[in-house]
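The values are calculated or read from the model by the stated rules, or taken from the named source; none is laboratory data. In this text, all values refer to a predicted model and were calculated from it rather than measured experimentally. We place every Cβ from the backbone using ideal geometry, glycine too, and count neighbours over all the protein chains shown. What goes into the accessible areas is simple: the full protein's heavy atoms, side chains included, and nothing from ligands, DNA or RNA. Shrake-Rupley method; radii C 1.70, N 1.55, O 1.52, S 1.80 Å.
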Amino acid sequence: MNKWLKTILILTGSAVLTRFIPFSSLFRNLDTMIHEFGHALITLLLSGNVLRIELYANHSGVTYSAVQAGGRSILIALAGYPLASLFALLLFYLYRKGHQNWGLWLASAVALIMLVLYVRGGFGMLWLAGFIALNVAMLVLWPKISRYYYLLLAFLTLEESVVSPLYLVWAAIAAPSRAGDASNLARLTPVPALLWALLFSAFALLCATWAVSLFFKGDRLRKAKGSR
């Protein structure tokens, strides 16, 4: 089967099946967390200041930062979607290597940094604290089911990392001034919001094809080891 078709089928299946899992909507905020952390991380690397981060129940978020005018603002606006896609890919790479626990500890560490330093507001702080507590519980108290929990997070994050920029394409067509990061980049560059949204979507799909390939390779390795 063509790898692109396989990726689309996997993403579609994930989008449908995960809707039947209780509380799966809450776990979709992991993609939002990484997206906003990407903005914050690049801000800090460019010697800017992260003022605060807000996470909302509808899976959206905002990072407020201060940085010198110029090209740095472009890099910060660029960071969110690609880093979210790369994080989803990293989760599947760690699964391929059998290091799911590393992925859970990494996600927990990012959540802790955001909770302590940047996130303000009731929902965001509550979600981060609950996410950290559940991850630690999976790692320490329920290690036998942590693999399935990890795969739920990985597929939800992968799905969201693709759906979010695709939604941005629609937003850029319907209301170009309200297309989030794509609108910000359009204001900072000569490139229209729609093209930025399409670039984000293309990169997300590319990362998704790699992630799906890693998933199947990881499963084949586990079956091979189990048959020995």
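What the chain shows is 52 Å² of accessible area per residue, with the surface traced by a 1.4 Å probe over protein heavy atoms. For segment 93-180, applying the loop criterion from DSSP together with a ceiling of 16 other beta carbons within 10 Å to the trypsin sites (Lys or Arg not before Pro) yields Arg120. All C-alpha to C-alpha distances of segment 27-71, sorted into 10 Å bins beginning at zero, yield P(r) values of 29, 49, 20, 3 percent in whole numbers.
For the chain, the relative contact order comes to 25 percent (Cα pairs under 8 Å, sequence separation of at least 6).
Rounded to the nearest angstrom and listed largest first, the equivalent-ellipsoid semi-axes of the chain from its Cα gyration tensor are 29, 22, 15. The dipole here belongs to the chain: it is taken about the Cα centre, uses +1 on the Cβ of Lys and Arg and -1 on the Cβ of Asp and Glu, and is about 920 debye.
Spatially close Lys pairs in the chain, defined by Cα atoms under 17 Å apart and a spacing of eight or more places or different chains, total 6.
Considering only Leu158, Ile132, Gly98, and ranking their Cα positions along the charge dipole of the chain that arises from unit charges at the beta-carbon of Lys, Arg, Asp and Glu, the one farthest toward the positive end is Gly98.
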